[in-house]
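Undergrad: Pasting a structure here, questions to come.
The values are calculated or read from the model by the stated rules, or taken from the named source; none is laboratory data. As the structure is a computational prediction, the values presented were derived from the model and not from experiment. Please note that ligands, DNA and RNA were not included when accessible areas were found on the heavy atoms of the full protein model with its side chains. Shrake-Rupley method; radii C 1.70, N 1.55, O 1.52, S 1.80 Å.
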Amino acid sequence: MKKIIFWILNLLTFGYFKKKVEKKINEINNKKNLTLTLDTIEKPNLEQFFLIFGGKNNIVHVSTTISTISITIKNILLVDLKKIGSLSKKGFSQNGNNFILLLGDCSQTFASDIKKELKN
């Protein structure tokens, strides 16, 4: 009789806690962050960007990846190389007339802002 009571209490207790824990786990899993977070890193100033790269007319092409912006320019002499670092806290690289700015997750929105401004 004691064994039956022990097993009934054991099933009730652990069954209850198991269901409670599973319910909590399901709640947490269902509350996954389904929204895409954009721009956790502050975007550079667009006017400052154009000043540093020698104006809108000096930019030939802009492309982007998840965390970088590639910029091709016409005239390297118009670019203020000392101030490019102020645009990107993560860094940049240069290969001739091509620049790559490491901006993080704001790079795609910033590149679209640049492209819109270049069309105007």
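Undergrad: Just tell me which lysines come within less than 27 Å, Cα to Cα, of LYS23; anything on the same chain fewer than 8 places away is out.
TA: Here the lysines satisfying the reach criterion relative to LYS23 are LYS31, LYS32.
Undergrad: Please list, in chain and number order, the residues 5+ apart from GLY54 or on another chain whose amide H is under 5 Å from its amide H, with Hs placed from the backbone.
TA: For GLY54, whose amide H was placed from the backbone, the distant partners under 5 Å are ASP80.
Undergrad: Which sequence of SER88, SER93 reflects their accessible areas, 1.4 Å probe, from the largest down?
TA: SER93, SER88
Undergrad: Turning to a different aspect of this structure: Working with all protein chains in place, sort ILE4, ILE76 by solvent-accessible area computed with a 1.4 Å probe, largest first. List each step's numbers first, then the result.
TA: Values: ILE4 105, ILE76 55 Å².
The residues order as ILE4, ILE76, largest area first.
Undergrad: Could you run the Karplus curve 6.51 cos²θ - 1.76 cosθ + 1.60 with θ = phi - 60° over segment 106-114 and give me ³J(HN,Hα) per residue in whole Hz, x for Gly and Pro?
TA: Rounded to whole hertz, the list is 8, 5, 5, 5, 5, 5, 5, 5, 4.
Undergrad: Separate question: From the P(r) of segment 43-89, can you give the percent of Cα pairs sitting at distances over 14 Å? List each step's numbers first, then the result.
TA: Numbers: 524 of 1081 pairs.
The share of Cα pairs beyond 14 Å in segment 43-89 comes to 48 percent.
Undergrad: Of the cross-linked pairs LYS43/LYS82; LYS24/LYS89; LYS82/LYS116; LYS3/LYS24, which ones have a Cα-Cα span greater than 29 Å in the structure shown?
TA: Long pairs (Cα-Cα over 29 Å): LYS24/LYS89; LYS3/LYS24.
Undergrad: Check THR64: other-chain or 5+ apart residues with amide H under 5 Å from its amide H, H built from backbone geometry?
TA: Under 5 Å from the amide H of THR64: SER70.
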